[in-house]
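The values are calculated or read from the model by the stated rules, or taken from the named source; none is laboratory data. Keep in mind the model is a prediction, meaning the values are calculated, not measured. Because the Cβ atoms are built from the backbone with ideal geometry, glycine has one as well, and the counts that use them run over all protein chains shown.
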């Protein structure tokens with residue numbers, strides 16, 4: 001049962017460096033609760049996964065992205 005290899009969406013789009021100000025790109029790699037998707041689910045390569053996590057954390061600190069979505073408590 002060999003799985004097909006997922007291709008990195010960031011590599012395919014031709015983006016060299018992930019920018020922390022691009023919320024549309026970063027929101028694609030967050031769950032509905034605001035957690036960062038792992039690379040095995042999103043299909044990103046390890047280089048871009050590291051850039052994604054760094055960019056998401058920076059944009060959270062600048063209040064561009066929420067830390068938690070849908071918090072009811």
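Computed quantities for the displayed model
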| quantity | calculated |
| --- | --- |
| Region 1-14 - residue that is within 20 Å of residue 54 (Cβ to Cβ) and touching a residue at least 12 places away in the same chain (Cβ under 8 Å) and, of those, surrounded by the most Cβ atoms within 10 Å (Cβ to Cβ) | 10 |
| Scan of region 34-43 for residues that are under 17 Å from residue 65 (Cβ atoms) and either crowded, with 17+ Cβ neighbours inside 10 Å or in contact with a helix residue (DSSP H, G or I) (Cβ under 9 Å, 6 or more places away or on another chain) (or both), ordered by number | 34, 36, 37, 42 |
| Scope region 19-50; condition under 13 Å from residue 8 (Cα atoms) and touching a residue at least 24 places away in the same chain (Cβ under 8 Å); matching residues | 29, 42, 43, 44, 45, 48 |
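Okay, residues lined up against (1) in a loop (DSSP other than H, G, I, E, B); (2) loosely packed, with under 11 Cβ neighbours inside 10 Å; (3) modelled with pLDDT of 95 or more:
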residue	(1), (2), (3)
20	yes, no, yes
32	yes, yes, no
49	no, no, yes
58	no, no, yes
63	yes, yes, no
66	yes, no, no
70	yes, yes, no
